[in-house]
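Chemist: What follows is a single structure, and I will ask about it in a moment.
The values are calculated or read from the model by the stated rules, or taken from the named source; none is laboratory data. As the structure is a prediction and not an experimental result, all values here were calculated from the model. Neighbour counts run over all protein chains shown; Cβ positions are idealised from the backbone, glycine included. When the accessible area is computed, the model is the full protein with side chains, heavy atoms only, and any ligands, DNA or RNA have been set aside. Shrake-Rupley method; radii C 1.70, N 1.55, O 1.52, S 1.80 Å.
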Amino acid sequence: MSALLEIRALHKQFRGLTALDDVSFDVAQGELLGLIGPNGAGKSVLINVVSGVYAASAGTVWLRGTDVTSLPTYQLARRGIARTYQNIRLFARMSVLENVLVADQRYSARPFRTLFAGGRREDCAAAEVLLERVGLAAKRDALAGTLAYGEARRLEIARALAGRPRLLFLDEPAAGMNELESEELAAVIRSFRAELDVIVLIEHDVALIRELSDRLVVMDSGKVIAVGKPAEVLADPRVIEAYLGAEEADG
Amino acid sequence: MIQDYVMQTGINILLAWSVYIILLSGSLSFANGGFMAIGAYVSAVLTVKFGIPLILAAALAGAAAFLFGIVVAYPALRTRGLYLILVTVGITASIKVMIESIDYVGGIQGFTGMSGASPWHVVTLVLVVGAALWLISHSRLQRMLDAVREDELVAASLGINVVHLKVACFGAGAFIAAVAGSFYAHYLLFVRPEDFGILPSVFIVLYVVLGGMNNLWGPPVGATIMTLVPEFTRGLAQWRPTVFGILIVLLLLVRPDGLLPFRVPTERRLRNRPNNP
Amino acid sequence: MLTEQIVNGIVMGSLYALIAQGYTLVFGVLDKLNFAHGEIFMFGGYVAVASVAMGASIPLALLLALLACGALGLAVELVSFRKFRSHDAHITAALSSFAFGLVLLDLVQKAWGTEPVAIELPHALRIASVEFLGVRFSVVKLAILVVALVLMFALHLAIARTRLGRSIRAVAESATSAALYGINVTRVIQIVFLLASAMAGVAGAALAIRTGFAANEVGFTLGLKALAIMAIGGMGDLRGAFLGGLLIGVFEALAFQWGFGQIADTGVWLFMIFVLLVRPTGLFAARASKEARA
Ligand SMILES: Nc1ncnc2c1ncn2[C@@H]1O[C@H](COP(=O)(O)OP(=O)(O)OP(=O)(O)O)[C@@H](O)[C@H]1O
Ligand SMILES: [Mg+2]
């Protein structure tokens, strides 16, 4: 059986800079894939290409056997791809509830026919359930721009899930969270696993990634340098070197 | 006299809303003076040269501007921010110069012979457009537009067809500006290309910005004040433009987000939880 | 005849370039459009008329226009831009400066009327000409061209070579980090408005001297055209504004020569739209625009 998501020889060039260099890997049905690598490795660029924010320079993304590489962003979303952003991008002037409601794809697919459609109370109830699950029920009517950092990250997840996606890409959802918050976040992510076909999780917090992922893909300088079980991959000398090298360069 | 006030205010409210509708999806348009010109001239030609009744002519002129708006929107909306502003300024300037060079509609001399618009036409239209905007303002559509206006990219990654919405808004704005232009032409009885240049386009945007662009009430409030203040400062007759200009500068300094800056949430606690205040 | 038209085009183009560089300076530093710029340019013509009427020489009239319009630039900055520094305030700033321009236009009309006002140049100066390669050139036109070129070259040197220029470039790059390096951002922005408006003032005065009168609609006609030229050359790009100005000046002169002057006006705007759509960094820019970051 072929994998649910196949990434084949993906390249992304920004003028001189090669951000993705021949990236290939598969993600299977039901998998939670950890995507790690030092800063600037190309993890975010990979998500941006797969979710249609950037156009690939070369290569193919197969989703359930269909080539989706050059589909526009909104069509990828309608095929079940949802994501969060490393630098939080909520609709700051809309309320928390509205941020979730707006992501309901039953309406975004046909915006002009929703004017007289009923079922608003049901929509709200569903959105509230989601907010409850990420622990934001109490903030329902707050403006998204006023949320604390950890809350904003959780709202991004709720918004991504409101479109009932099949694949969820999380770009450093625990960044800037303290230990307690990331524990809660891990619980939230685990609670959604069964409802999604695939979760791809970018994270620098090794403890979190080891705990959550079934498999790891490690990137460095735009290339995939290791794929495998978390314990094996994290012990791989090349992976350790990539991280240490990055740390030395930093310090 | 009172008829003139109603007419002018009503037309300016429609024009302000025509900019507001485009702004719903995040694009600021200085092309609406040009759309108004299309409406005025197309409807005038239809009534004067072909004897078509005014209402039908206005609708056809609106449809023409709608099509024109959609056709230019596809390329134009690839630009953003100040670049889009310049593109729309360019659209207005080009439309004006083109009309000036068409002898069939009188060129620079202007075009005359039309009549028959009454304040009732405009008042009815204001009510209809206002009701439509009110309906939208409480809808899921408004929510999607707000999302597009705040962050197009994120909106797209939530499954919203951003281009589709933006182009539709542009077309709708062009339609309303053109219908307003039709009634304007048939009320003034005489139009010249320079009635529709960049200056009117900027003023329409000013109505919206001074009134507030985050809710449907701001634009008509801005349009009304900006139409009537000059009328009622006739005592200052010869200093009017100066007083008017200073007033705009001061208003922007004191209320940079407009007189009515608030945004109305599309879903509120009170609406959905009647038993749980 | 053709040479003469081309020279006329270059002279007019150098004035366009002077105005367009003012727009582009402000845009480069603030990312905002100064809609009062055209009227400041218009005002320069009236300063020249008034100075000459009071007995000033032509160079003095140019200097006075430079000073008066520079001061106006400071006023525009204070009233229409100081409070609207943030990125999403660009519409507010544009409209506020537009209103400033309206006031200026109205005051000029109060003072000098709505009809063009003639400038009294000595007859000898008006007809003075030199012959070069068998073609006669008017001294006034050549002088205007020289003044415009010298001013633009001086601006170029100031931006490229001086400490002030470094500060301006730093603020254009990022006002926040410029402030961290101890640059007085407000002062730099003031200087930019001063320079931009002073150049527009000289352009206005030069135009009045060249045509023999000051007219109050030029702010709206030529001033706006210079805005389109700025976009054609590349927003924020001084070299682009210079080349764009010359290009449009010559293009218009030739269009006029060959009898389709009317169309040239639309041509500029359509050309601007085309450039903004196809090459938003401008006709003469070397680099393509960046892909938005997510
Ligand atoms: N829009 C862009 N334009 C130019 N270069 C870009 C762009 N986006 C990313 N890059 C470059 O691509 C490379 C990979 O960046 P990316 O954001 O994917 O790294 P990352 O692995 O997500 O790192 P981090 O852990 O810091 O988020 C970097 O060198 C970055 O500067
Ligand atoms: Mg990243």
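Chemist: Excluding ligands and nucleic acids, what accessible area in Å² is computed for residue C:31 using a 1.4 Å probe, to the nearest 10?
Modeler: Accessible surface of residue C:31 is approximately 70 Å².
Chemist: Give me the percent relative contact order of region B:150-247, please, defined on Cα pairs under 8 angstrom at least 6 residues apart. Kindly include the intermediate steps, with their values, before the conclusion.
Modeler: Values: 37 pairs, mean separation 10.7, N = 98.
Rounded, it is 11 percent for region B:150-247.
Chemist: Now for a separate question. If one takes the longest principal axis of the Cα atoms in chain B, at what angle in degrees, from 0 to 90 and to the nearest 10, does the Cα axis of helix B:119-137 lie?
Modeler: Compared with the principal axis, the helix lies near 20 degrees.
Chemist: Loop-only check: which chymotrypsin sites (Phe, Trp or Tyr not before Pro) in region A:97-183 are DSSP coil with at most 15 other Cβ within 10 angstrom?
Modeler: Working: sites: A:107, A:112, A:116, A:149, A:169; in loops: A:116.
Answer in residue order: A:116.
Chemist: So how far, in whole Å, is the C-alpha centre of region A:81-118 from the one of region C:138-193?
Modeler: The two parts, judged by their Cα centres, are 46 Å apart.
Chemist: Going Cα to Cα from residue B:49, which lysines come in below 25 Å? Please leave out same-chain ones fewer than 8 positions away.
Modeler: Residue B:49 reaches B:96.
Chemist: Quick one: which residues, 5 or more positions from residue B:30 or on another chain, have an amide H under 5 Å from its amide H? H modelled 1.01 Å from N in the peptide plane, none for Pro or chain starts.
Modeler: The list, which skips near neighbours in sequence, is B:88, B:89.
Chemist: Still on this structure: Using a 10 angstrom cutoff on alpha carbons, build the Gaussian network for chain A and name the most mobile of A:144, A:58, A:103.
Modeler: Greatest mean-square fluctuation among the candidates belongs to A:58.
Chemist: For residue A:79, what accessible area in Å² do you get when you roll a 1.4 Å probe over the heavy atoms of the protein chains, rounding to the nearest 10?
Modeler: 100 Å²
Chemist: Determine the relative contact order of chain A: mean sequence separation of Cα pairs under 8 Å and six or more apart, normalised by residue count, in whole percent.
Modeler: Working: 456 pairs, mean separation 68.0, N = 251.
Here the relative contact order equals 27 percent.
Chemist: Which chymotrypsin sites (Phe, Trp or Tyr not before Pro) in region C:83-190 pass both tests, a DSSP loop state and at most 16 other beta-carbon atoms within 10 Å? Walk me through the intermediate numbers first.
Modeler: Numbers: sites: C:84, C:98, C:100, C:112, C:132, C:137, C:153, C:181; in loops: C:84, C:181.
Passing sites in region C:83-190 are C:181.
Chemist: Sorted by accessible area with a 1.4 angstrom probe, largest first, how do A:91, B:68 fall? Don't skip to the answer; put the middle values down first.
Modeler: On the way: A:91 0, B:68 70 Å².
The ranking, largest first, comes out as B:68, A:91.
Chemist: Straight distance only, please: which aspartates and glutamates reach the Cα of residue A:223 with their own Cα at less than 13 Å, same-chain residues fewer than 8 apart left out?
Modeler: Of all the aspartates and glutamates, those that pass the test against residue A:223 - Cα under 13 Å, at least 8 places apart if same chain - are A:21, A:22.
Chemist: Run the 1.4 Å probe and let me know the accessible area of residue B:127, rounded to the nearest 10 Å².
Modeler: Here the accessible area works out near 120 Å².
Chemist: If you don't mind, there's one more thing I want to ask. Determine the percent antiparallel among the DSSP beta bridges restricted to the protein assembly as shown, to the nearest 5. Write down the numbers at each step before the final one.
Modeler: Details: 28 of 45 bridges.
Looking only at bridges with both residues in the protein assembly as shown, the antiparallel portion is about 60 percent.
Chemist: Nearest 10 degrees is fine. How inclined is helix B:81-100 to the longest principal axis of chain B, computing both from alpha carbons?
Modeler: So the helix axis and the longest Cα principal axis differ by about 20 degrees.
Chemist: Of the candidates A:212, A:20, A:35, which one comes out as most mobile in a Gaussian network treatment of chain A with C-alpha springs shorter than 10 Å?
Modeler: Result: A:212 has the largest fluctuation of those listed.
Chemist: Please find, in a Gaussian network model of chain C (springs between Cα atoms separated by less than 10 Å), the residue of C:78, C:66, C:105 whose mean-square fluctuation is greatest.
Modeler: In this elastic network of chain C, the residue with the biggest mean-square fluctuation among C:78, C:66, C:105 is C:78.
Chemist: Between region B:143-213 and region C:1-56, what's the alpha-carbon centroid distance in Å?
Modeler: Result: 32 Å between the Cα centres.
Chemist: Same structure again: Give me the percent relative contact order of chain C, please, defined on Cα pairs under 8 angstrom at least 6 residues apart. Numbers along the way, then the final one.
Modeler: Values: 504 pairs, mean separation 107.1, N = 294.
Over chain C, the number comes to 36 percent.
Chemist: OK, next. Helix B:54-76 sits at what angle to the longest principal axis of chain B, using alpha carbons and giving 0 to 90 degrees rounded to 10?
Modeler: Orientation of helix B:54-76: about 60 degrees from the principal axis.
Chemist: Here is a further query. Loop-only check: which chymotrypsin sites (Phe, Trp or Tyr not before Pro) in region B:156-262 are DSSP coil with at most 13 other Cβ within 10 angstrom?
Modeler: Numbers: sites: B:170, B:175, B:183, B:184, B:187, B:190, B:196, B:203, B:207, B:217, B:232, B:239, B:244, B:262; in loops: B:217, B:262.
Sites meeting the loop and neighbour criteria: B:262.
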